[in-house]
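Throughout, read-outs are computed from the coordinates displayed, never taken from laboratory work. Remember, it's a predicted structure, so these values are computed and weren't measured experimentally. With ideal geometry, Cβ positions are generated from the backbone for all residues, glycine too; neighbour counts draw on all protein chains shown.
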């Protein structure tokens, strides 16, 4: 049975519109109430955007020491891109700011383009991201209308493939297996540029972190229900 103070590694399917911190805060609050503690170490092993769902790994107690190590686990995503348009945030947080022709885009062109992203890649992070710039988050500056130059980061994409392509709606769904630090929103931007059409994310789901599959994760409601039956015996 669980021993949250000694340490547990828990996997959650993060709900849409929640931040990773929202999830951590909800788990910490529930555990502190159940254990009768004012404080408990709880942290996650990798941020997931509010507009994304899927695997977020949370460590408690002494297992929080594993966070730095677990952050390097390979991630897998399912992402849907809208081709022919862009947004400042590269997803649906912001409105479309430009549109582009798409008549030239075919499944064959997509199949020729995606392999160009395999292997080591230099990627410029999105302005709407948690990258720190002089002690401030990039998204804080972006939301104030400030623009700064972000340095490209080296990452690795192990696999990228088409899951679905709707030529009428110009919507492309892909599976991506990648390293820590990969921004799928930025990948959508870069794919759009390669296709000469622009692109932004309309949906993103993290389906795997390391060996943890999203089908093996708790929803927050499932976890809270199981926690009701958890009997905690405090050491004398």
Checklist entry - Listing 170, 1 from the residue with the fewest other Cβ atoms within 10 Å to the one with the most, what is the order? => result 1, 170
Item to check | Rough spin-label spacing in nm, given labels placed 7 Å along Cα→Cβ, for residue 95 and residue 162 | outcome: 3.3
Next on the checklist: Restricting to DSSP H runs of at least four residues, report the calculated mean residue ellipticity at 222 nm for the chain, -39500 (n - 2.57) per run over all residues, nearest 500 deg cm²/dmol.
Outcome noted: -6500 deg cm²/dmol
Checklist outcome for this item: Largest fluctuation, 209, 74, 176 only, Gaussian network model of the chain with Cα springs under 10 angstrom, belongs to 74
Item to check | Packing-based exposure ordering (other Cβ within 10 Å, fewest first) of 2, 122, 18 | outcome: 122, 2, 18
Checklist entry - Where the Cα atoms of the range 174-215 are projected onto their three principal axes, how long is each span, largest first, in whole Å? => result 36, 19, 12
Item to check | Cα long-axis angle, helix 184-194 against the chain (0 to 90 degrees, to the nearest 10) | outcome: 10
Item to check | Distant alpha-carbon pairs in the chain (separation over 30 angstrom), percent | outcome: 32
Item to check | Ranking of 38, 14, 153 by count of other Cβ atoms within 10 Å, fewest first | outcome: 38, 153, 14
Checklist outcome for this item: Counting all Cα-Cα pairs in the range 75-209, those more than 19 Å apart amount in percent to 49
